[in-house]
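So the structure is just underneath, and the comments pick up after that.
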Amino acid sequence: MSLRSLHAVLVCFALGCGAPQTTDEPTTAKEKQLREAKAKGEVDPRESRWGGWRYQGDRNECFFVVGRKCFKTEKAACDAAKCQGAKKCNSDGGGPATITCK
């Protein structure tokens, strides 16, 4: 085998196999959950004073939660959830109760 053909084989090998494939997919469940929370706007930026997740709205009367926003009444929370079609507003009954569409 000539030096020129050996060089061509090595270049093809380096381009095809040697370069790692980089994807933007999360590698762990924690990373996936964090990305989903950031996409929904449920995580405050690191520059904020407290950082992390916080309720928004009237936190003194936070009886129902949709996403991360507090509501005083279940009706107001269900209106904010905007359940469409055959889905109905559902409360998990916790404190504060989480509102979902099921």
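Bear in mind these aren't lab numbers, they're just calculated from the coordinates by the rules spelled out. Quick caveat: nothing in here was measured; it's all calculated off a predicted structure. Glycine gets a Cβ as well: all are built from the backbone with ideal geometry, and neighbour counts include every protein chain shown.
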**Request:** Would you kindly derive the ³J(HN,Hα) couplings of the range 25-40 from the backbone phi angles with the Karplus curve 6.51 cos²θ - 1.76 cosθ + 1.60 (θ = phi - 60°), listing them in order in whole Hz, with x for Gly and Pro?
**Result:** 7, x, 9, 10, 5, 4, 5, 5, 5, 5, 5, 5, 5, 5, 5, 7
**Complete:** Taking placed amide H atoms and a strict 5 Å upper bound, the residues 5 or more places from THR98 or on another chain that come that close are VAL65, ASP92, GLY93
**Request:** Note the full-extension length gain between SER91 and LYS40 as 0.36 nm times their separation in residues minus their Cα-Cα distance, in nm to one decimal.
**Result:** 16.4 nm
**Complete:** Convex hull around the C-alpha positions of the range 55-102: the volume in Å³ per residue is 56
**Request:** Rank the residues ARG4, ARG68 as a footprinting-exposure proxy: fewest other Cβ atoms within 10 Å of their Cβ go first.
**Result:** ARG4, ARG68
